[in-house]
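Trainee: So that we are looking at the same thing, I have put the structure below in structure tokens.
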Amino acid sequence: MRVDVVTIFPEYLAALDLSLVGKARASGLLDLRVHDLRAWTTDRHRTVDDSPLGGGAGMVMRPDVWGLAVDEVLAGAAGAGAGAGDVELVVPTPSGEVFTQRTAERLAGVPHVVVACGRYEGIDARVVEHYRASGVRVTELSLGDYVLNGGEVAALVVVEAVARLLPGVVGNPHSLVEESHGVAGLLEYPVYTRPPSWRGHDVPDVLLSGHHARIERWRRDRAIERTAERRPDLLRRLAPEALDRADRAALEAVGWTVGPDGPVPADPRGS
Ligand code: ADE
């Protein structure tokens with residue numbers, strides 16, 4: 001997979017040399033290139049922004065500079081054999097759709113992703129409009145309901161979340177299956193390692209029992225409990241068909257019942 005990140009702070013992306021993503025780059029599973037947007041400026045001051053038309057606070061990133069940058073990065077990959085349908089332009093912005101594990105899974109199947117990191121009040125809206133109109137898939141992504149200083153942290157998040165899904169990047173692919181936000185739609189159960197007793201806190205007996213079916217049941221019960229407590233919005237999205245009798249008992253124990261559309265609080269006044 002190829003990923004190009006365009007930013008005015010290329011150093012921000014240095015963290016992608018580390019750990020699993022760094023290894024994926026070194027082994028060629030991930031062809032990640034970071035570009036300095038200012039390389040496409042044409043004036044002496046290397047200006048990338050201007051004041052907002054219509055007035056208001058802050059500065060807006062110029063469409064002409066972004067256009068030159070994105071054109072060149074797209075052409076570079078096209079030269080390397082990627083077709084127009086193989087590329088997606090990702091623009092991090094707090095006004096985008098929320099980035100989720102489903103987005104990461106989808107992007108992991110895209111041969112070429114270009115991440116355009118905006119700063120200040122964002123990138124002139126015509127940039128997204130232009131590439132959409134030219135047939136490039138463009139996705140504006142938000143990490144969540146808070147405002148960062150720019151798209152660089154989001155680029156780090158997107159690259160890490162996507163890269164670890166590429167075959168061969170994570171050593172044990174099973175660890176991708178059970179983790180939080182995986183296909184089960186539940187948060188991950190709590191995990192423990194040695195020693196079995198630490199500062200008076202003991203690891204639950206069942207995990208030391210060697211009884212795999214019971215361990216699996218215990219983990220799923222804890223996952224249900226946690227999700228009910230921390231992310232009831234996720235619980236509501238579970239399909240009733242995906243819930244067996246034991247799941248339903250676990251839900252009941254934390255005050256939920258399974259309706260025709262999925263789990264709902266047993267006492268609606270408590271929801
Ligand atoms: N840029 C600024 N805030 C952001 C957010 N919440 N998500 C993605 N990009 C951003």
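Trainee: Of all residues being in a loop (DSSP other than H, G, I, E, B) and open to solvent by 50 Å² or more (accessible area, probe 1.4 Å) in the stretch 211-242, which is farthest from His181 (Cα to Cα)? Just the residue, please.
Mentor: Let us first name the residues in the stretch 211-242 that are in a loop (DSSP other than H, G, I, E, B), namely 211, 231, 237-239.
Next cut, open to solvent by 50 Å² or more (accessible area, probe 1.4 Å) only: 211, 231, 237.
Working: His211: 26, Arg231: 11, Arg237: 12 Å.
Across the stretch 211-242, the extreme among qualifying residues is His211.
Trainee: For the stretch 115-149, name all the residues that are aromatic (Phe, Trp, Tyr) and either more than 9 Å from the ligand (Cβ to nearest atom) or surrounded by 22 or more Cβ atoms within 10 Å (Cβ to Cβ) (or both).
Mentor: At the first step, the residues of the stretch 115-149 found to be aromatic (Phe, Trp, Tyr) are 120, 131, 146.
Answer for the stretch 115-149, where residues must be aromatic (Phe, Trp, Tyr) and either more than 9 Å from the ligand (Cβ to nearest atom) or surrounded by 22 or more Cβ atoms within 10 Å (Cβ to Cβ) (or both): Tyr120, Tyr131.
Trainee: Is it the case that the stretch 94-103 has a residue that's crowded, with 19+ Cβ neighbours inside 10 Å, within 16 Å of the ligand (Cβ to nearest atom) and within 21 Å of Ala77 (Cα to Cα)?
Mentor: Scanning the stretch 94-103 turns up no residue that is crowded, with 19+ Cβ neighbours inside 10 Å, within 16 Å of the ligand (Cβ to nearest atom) and within 21 Å of Ala77 (Cα to Cα).
Trainee: While we're on this one: Could you check, for the stretch 169-178, whether at least one of its residues is surrounded by 16 or more Cβ atoms within 10 Å (Cβ to Cβ), hydrophobic (A, V, I, L, M, F, W, C) and touching a Phe, Trp or Tyr at 6+ places or on another chain (Cβ under 7 Å)?
Mentor: no
Trainee: Now for a different question. Just to be sure before I move on: is Ser180 at pLDDT 95 or above and out of contact with any helix residue (DSSP H, G or I) (no Cβ under 7 Å at 6 or more places or on another chain) in the structure I sent? Please lay out each step first, then the result.
Mentor: On the way: at pLDDT 95 or above: no; out of contact with any helix residue (DSSP H, G or I) (no Cβ under 7 Å at 6 or more places or on another chain): yes.
So Ser180 does not fit the description; no.
Trainee: Here is a follow-up. Identify all residues within the stretch 7-45 that are without any contact (Cβ under 8 Å) to a residue 60 or more places away in the chain, part of a loop (DSSP other than H, G, I, E, B) and under 22 Å from Leu74 (Cα atoms); write none if there are none.
Mentor: Answer for the stretch 7-45, where residues must be without any contact (Cβ under 8 Å) to a residue 60 or more places away in the chain, part of a loop (DSSP other than H, G, I, E, B) and under 22 Å from Leu74 (Cα atoms): Gly28, Thr41, Thr42.
Trainee: Among the residues of the stretch 195-210, are any in a helix (DSSP H, G or I), within 25 Å of Ala104 (Cα to Cα) and modelled with pLDDT of 95 or more?
Mentor: So far as the stretch 195-210 goes, no, none of its residues is in a helix (DSSP H, G or I), within 25 Å of Ala104 (Cα to Cα) and modelled with pLDDT of 95 or more.
Trainee: Got at least one residue in the stretch 255-265 being over 30 Å from Leu13 (Cα atoms), among the aromatic types (Phe, Trp, Tyr) and open to solvent by less than 30 Å² (accessible area, probe 1.4 Å)? Before you say what the answer is, go through the steps one by one.
Mentor: In the first step, residues of the stretch 255-265 are kept if they are over 30 Å from Leu13 (Cα atoms); the result is 255-265.
Next cut, among the aromatic types (Phe, Trp, Tyr) only: 256.
Subsequent filtering for residues that are open to solvent by less than 30 Å² (accessible area, probe 1.4 Å) retains 256.
Taking every residue of the stretch 255-265 in turn, at least one turns out to be over 30 Å from Leu13 (Cα atoms), among the aromatic types (Phe, Trp, Tyr) and open to solvent by less than 30 Å² (accessible area, probe 1.4 Å).
Trainee: Here's something else I'd like to know. Scan the stretch 32-39 and give yes if some residue there is within 16 Å of the ligand (Cβ to nearest atom), open to solvent by 70 Å² or more (accessible area, probe 1.4 Å) and at pLDDT 95 or above, otherwise no. Give the derivation first.
Mentor: Within the stretch 32-39, the subset within 16 Å of the ligand (Cβ to nearest atom) is 37.
From the residues that got through so far, the ones that are open to solvent by 70 Å² or more (accessible area, probe 1.4 Å) too are none.
So far as the stretch 32-39 goes, no, none of its residues is within 16 Å of the ligand (Cβ to nearest atom), open to solvent by 70 Å² or more (accessible area, probe 1.4 Å) and at pLDDT 95 or above.
Trainee: Is there any pair linking a residue in the stretch 132-160 that is farther than 16 Å from Val5 by Cβ to one that is within 13 Å of the ligand (Cβ to nearest atom), with Cβ under 6 Å and at least six apart or on different chains, and which?
Mentor: Partner pairs satisfying both residue conditions: Ser142/Pro94; Ser142/Gly96; Ser142/Val98; Val147/Pro94.
Trainee: Another one. For the stretch 184-196, enumerate the residues that are of a type in the set (Ser, Thr, Tyr) and open to solvent by 70 Å² or more (accessible area, probe 1.4 Å).
Mentor: Hits for the stretch 184-196 are Tyr192, Thr193.
Trainee: Which one of the conditions (1) touching a helix residue (DSSP H, G or I) at 6+ places or on another chain (Cβ under 8 Å); (2) open to solvent by less than 80 Å² (accessible area, probe 1.4 Å) does Gly55 fail to meet, given that it meets all the rest?
Mentor: Answer for Gly55: the failing condition is (1).
Trainee: Still on this model: So which of Arg217, Arg269 is basic (Lys, Arg) and either closer than 15 Å to Gly185 by Cα or modelled with pLDDT of 95 or more (or both)?
Mentor: So the residue among Arg217, Arg269 that is basic (Lys, Arg) and either closer than 15 Å to Gly185 by Cα or modelled with pLDDT of 95 or more (or both) is Arg217.
Trainee: Hey, does the stretch 151-163 have a residue that's within 16 Å of the ligand (Cβ to nearest atom), open to solvent by 80 Å² or more (accessible area, probe 1.4 Å), out of contact with any strand residue (DSSP E or B) (no Cβ under 6 Å at 6 or more places or on another chain) and over 18 Å from Asp36 (Cβ atoms)?
Mentor: Residues of the stretch 151-163 that are within 16 Å of the ligand (Cβ to nearest atom), as a first pass: 151-162.
In the following step, the residues that additionally are open to solvent by 80 Å² or more (accessible area, probe 1.4 Å) were identified as 160.
Imposing the further condition that a residue be out of contact with any strand residue (DSSP E or B) (no Cβ under 6 Å at 6 or more places or on another chain) reduces the set to 160.
Now narrow it down to the ones that are over 18 Å from Asp36 (Cβ atoms): 160.
Within the stretch 151-163, one or more residues are within 16 Å of the ligand (Cβ to nearest atom), open to solvent by 80 Å² or more (accessible area, probe 1.4 Å), out of contact with any strand residue (DSSP E or B) (no Cβ under 6 Å at 6 or more places or on another chain) and over 18 Å from Asp36 (Cβ atoms).
Trainee: For Glu88, which of the numbered conditions (1) open to solvent by less than 10 Å² (accessible area, probe 1.4 Å); (2) within 25 Å of Gly28 (Cβ to Cβ); (3) within 15 Å of the ligand (Cβ to nearest atom) fails to hold?
Mentor: It is condition (3) that Glu88 fails.
The values are calculated or read from the model by the stated rules, or taken from the named source; none is laboratory data. Being a predicted model, the structure only gives us computed values, none of them experimental. Cβ sites come from the backbone with ideal geometry, for glycine too, and all protein chains shown count toward neighbours. We work out accessible area using only protein heavy atoms, side chains counted, and drop any ligands, DNA or RNA first. Shrake-Rupley method; radii C 1.70, N 1.55, O 1.52, S 1.80 Å.
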